Amino acid sequence: MTERIDGHTLLIGLMAYPIRHSMSPTMHNNAFAKLGLNFAYLAFEITNDTLPAAVQSIRTLDMRGSNISMPNKQKIIPLLDKLDPATEMIGAVNTVVNDHGVLTGYTTDGIGFMKSLDDEGLDIRGHKMTLAGAGGAGTAIAIQAALDGVKEMSIFNRHDEFWDNAKRNVDIINEKTDCKATLHDLADQDDYKAEIQSSFIYADATSVGMNPLQDQTLVTDPTWFNNPDQIVFDTVYAPRTTELMKVAEKVGVKHVFNGLGMMLEQGAAAFKLWTGKEMPVDYIREVLFEDDKEKAKA
Ligand code: NAD
């Protein structure tokens, strides 16, 4: 690190709270080092109250940009100069790029989802997706997938504080893309099963499966997955094998994924926006998940 930092080093931030647990500094700094790029990435504890001054500091310090996470993903929007069109539809920002004082907001979570499937040689464009969840991740996935050419989308949510957002996502997709989206209630289990069974891909972007709900899954009956060629995608990556994945694997579904690929590719998309270079994703996967390999050997 000390060999790389000099008077020309460009700073990239991560502005969120809490944030000390984040893997992003390790991800990006290792990628900069691997490619010999003169950037440094640091995490800053920033709340809604300190966000305006922090965003101004991107301009003042001529930082190259920043990642943005909770609780600032929506609050940052009026503080920026521009939003890319997909981000405007999504309504949340996770990446800021500073071009000579002009700050543009992007969201790379949906890009990461689509790219992680491309990496596996799977193309969901032109097909039907059933998606559970309409929070931050669900919204980014739904809108990016619709923009990228998914033909039909059934969005399920429970009647909680995200229901209106699910409605909004369906409306915006129908209005602004060629995808035909419909809204469904998770409580209607017959409908849920039928939509999953008629889909090329089922994706879960809810908090179910992740701590503290790591012992739960929205689909408990393995017979719901009656097509071994279907894709089952859980956005959760801790634990690595979620309860949903176990249910799908039990009946031999071939393409079952956790959210690790999406997480890496959302970082890679931000990395490309700042540096113009491809992140060495395979190398970063090894750096970040060395533990996984050790466990696999044991
Ligand atoms: P969020 O709080 O914005 O949204 C939560 C969603 O889960 C909502 O749709 C909500 O209705 C639903 N939900 C919560 N509890 C539920 C329950 N008991 N039953 C049914 N639905 C329930 O959260 P988020 O930031 O969108 O994160 C959602 C998931 O996406 C998490 O599991 C997170 O790990 C994952 N995620 C993954 C990545 C990645 O890169 N792989 C990135 C972001 C989020």
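Bear in mind these aren't lab numbers, they're just calculated from the coordinates by the rules spelled out. Treat the numbers as computed from the prediction; the structure is a model and nothing was measured. Neighbour counts run over all protein chains shown; Cβ positions are idealised from the backbone, glycine included.
What the table shows:
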{"item": "From LYS180, LYS167, residue being out of contact with any Pro (no Cβ under 9 Å at 6 or more places or on another chain) and farther than 27 Å from ILE68 by Cα", "result": "LYS180"}
{"item": "Odd one out for ALA203, checked against (1) touching a residue at least 40 places away in the same chain (Cβ under 8 Å); (2) in a helix (DSSP H, G or I)", "result": "(2)"}
{"item": "Tabulated pairs, the range 269-286, first acidic (Asp, Glu), second surrounded by 17 or more Cβ atoms within 10 Å (Cβ to Cβ), C-beta under 9 angstrom, 6+ apart or interchain", "result": "GLU278/ALA268; GLU278/PHE271"}
{"item": "Hits in the range 32-61 (condition: farther than 27 Å from VAL281 by Cα and in a loop (DSSP other than H, G, I, E, B))", "result": "ILE46, THR47, ASN48, ASP49, THR50, LEU61"}
{"item": "Filter result for THR206 (surrounded by 15 or more Cβ atoms within 10 Å (Cβ to Cβ), β-branched (Val, Ile, Thr) and within 15 Å of the ligand (Cβ to nearest atom))", "result": "yes"}
{"item": "Sole exception among (1) more than 13 Å from the ligand (Cβ to nearest atom); (2) touching an Asp or Glu at 6+ places or on another chain (Cβ under 8 Å); (3) of a type outside the set (Ser, Thr, Tyr) for GLY261, by number", "result": "(1)"}
{"item": "Qualifying residue in the range 80-98 (condition: free of Cβ contacts under 8 Å to residues at least 24 places away in the same chain and under 16 Å from GLY13 (Cβ atoms))", "result": "no"}
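For every residue, the table says whether it meets (1) within 16 Å of the ligand (Cβ to nearest atom); (2) crowded, with 24+ Cβ neighbours inside 10 Å; (3) over 19 Å from ALA54 (Cβ atoms); (4) aromatic (Phe, Trp, Tyr).
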{"site": "LEU79", "(1), (2), (3), (4)": "no, no, no, no"}
{"site": "LEU83", "(1), (2), (3), (4)": "no, no, no, no"}
{"site": "GLU88", "(1), (2), (3), (4)": "no, no, yes, no"}
{"site": "GLY91", "(1), (2), (3), (4)": "yes, no, yes, no"}
{"site": "VAL96", "(1), (2), (3), (4)": "no, yes, no, no"}
{"site": "GLY101", "(1), (2), (3), (4)": "no, no, no, no"}
{"site": "THR107", "(1), (2), (3), (4)": "yes, yes, no, no"}
{"site": "GLY110", "(1), (2), (3), (4)": "yes, yes, yes, no"}
{"site": "PHE113", "(1), (2), (3), (4)": "yes, yes, yes, yes"}
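Listed here are the residues, each with its yes/no results for (1) surrounded by fewer than 24 Cβ atoms within 10 Å (Cβ to Cβ); (2) more than 15 Å from the ligand (Cβ to nearest atom); (3) closer than 20 Å to ASN94 by Cβ.
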{"position": "GLY138", "(1), (2), (3)": "no, no, yes"}
{"position": "ALA142", "(1), (2), (3)": "no, no, yes"}
{"position": "ILE155", "(1), (2), (3)": "no, no, no"}
{"position": "ASP160", "(1), (2), (3)": "yes, no, no"}
{"position": "ASP164", "(1), (2), (3)": "yes, no, no"}
{"position": "LYS167", "(1), (2), (3)": "yes, no, no"}
{"position": "VAL170", "(1), (2), (3)": "yes, no, no"}
